Amino acid sequence: MAEVTLWHNPRCTKSRAALKLLEEKGIHPTIRLYLVDPPDARTLQRILRLLKIRAEDLVRKNEPIYKEHFKGKILTDEAWIQVLLKYPRLIQRPIVIYGRKAKIGRPPEKLLDLF
């Protein structure tokens, strides 16, 4: 089995549920605490390719930072990547990377489609 990586925020209910679900299925991912170890631009671009989404689709739109500074703005993918670099809290979670595929675990059960 290829390496499984979970971009995880232990304070997030969905992220904790995703980790529990994976472990119940015998999958023990490498944990990346992305708020402690934020991704660089190249890593974000890779994740977007694996997820097959635009950068704006990776943004958590219920966060106060988004609502106060970015709601309603039309930005390029590069600009959204810069926003995510500055505010990693805005990155959707949890994200699981498995080989050349990735999924956002909302709901966590969607992650099982990777395996």
Practice prompt. Test each condition in (1) modelled with pLDDT of 95 or more; (2) touching a strand residue (DSSP E or B) at 6+ places or on another chain (Cβ under 7 Å); (3) not basic (Lys, Arg) for Asp113 and report the one that comes out false.
Written response: (1)
Worksheet item: Within the bounds of the range 45-65, is there any residue that is more than 16 Å from Arg89 (Cβ to Cβ) and of a type in the set (Gly, Ala, Ser)?
Response: no
Item to complete: Being crowded, with 17+ Cβ neighbours inside 10 Å, touching a Phe, Trp or Tyr at 6+ places or on another chain (Cβ under 9 Å) and part of a loop (DSSP other than H, G, I, E, B) is the filter here, so list the residues in the range 1-51 that pass it.
Response: Asn9, Ile27, Pro29, Tyr34, Pro39
Practice prompt. Give the residues of the range 87-109 that are more than 20 Å from Arg11 (Cα to Cα), more than 10 Å from the chain's Cα centre (by Cα) and not in a loop (DSSP other than H, G, I, E, B), sorted by residue number.
Written response: Tyr98, Lys101
Item to complete: Go through the residues of the range 62-71 one by one and say whether even a single one is surrounded by 14 or more Cβ atoms within 10 Å (Cβ to Cβ), outside any loop (DSSP other than H, G, I, E, B), at negative phi and at pLDDT 95 or above.
Response: yes
Discussion item. Exactly one condition in (1) in contact with a Phe, Trp or Tyr (Cβ under 9 Å, 6 or more places away or on another chain); (2) closer than 19 Å to Asn9 by Cβ is false for Trp80; which is it?
Written reply: (2)
Item to complete: Please state which one of Arg16, Arg93 is within 15 Å of Gly105 (Cβ to Cβ) and either in contact with a Cys (Cβ under 7 Å, 6 or more places away or on another chain) or at pLDDT below 95 (or both).
Response: Arg93
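The values are calculated or read from the model by the stated rules, or taken from the named source; none is laboratory data. Keep in mind it's a predicted model, so treat the numbers as computed, not measured. Cβ: placed from backbone, ideal geometry, glycine included. Neighbour counts: every protein chain shown.
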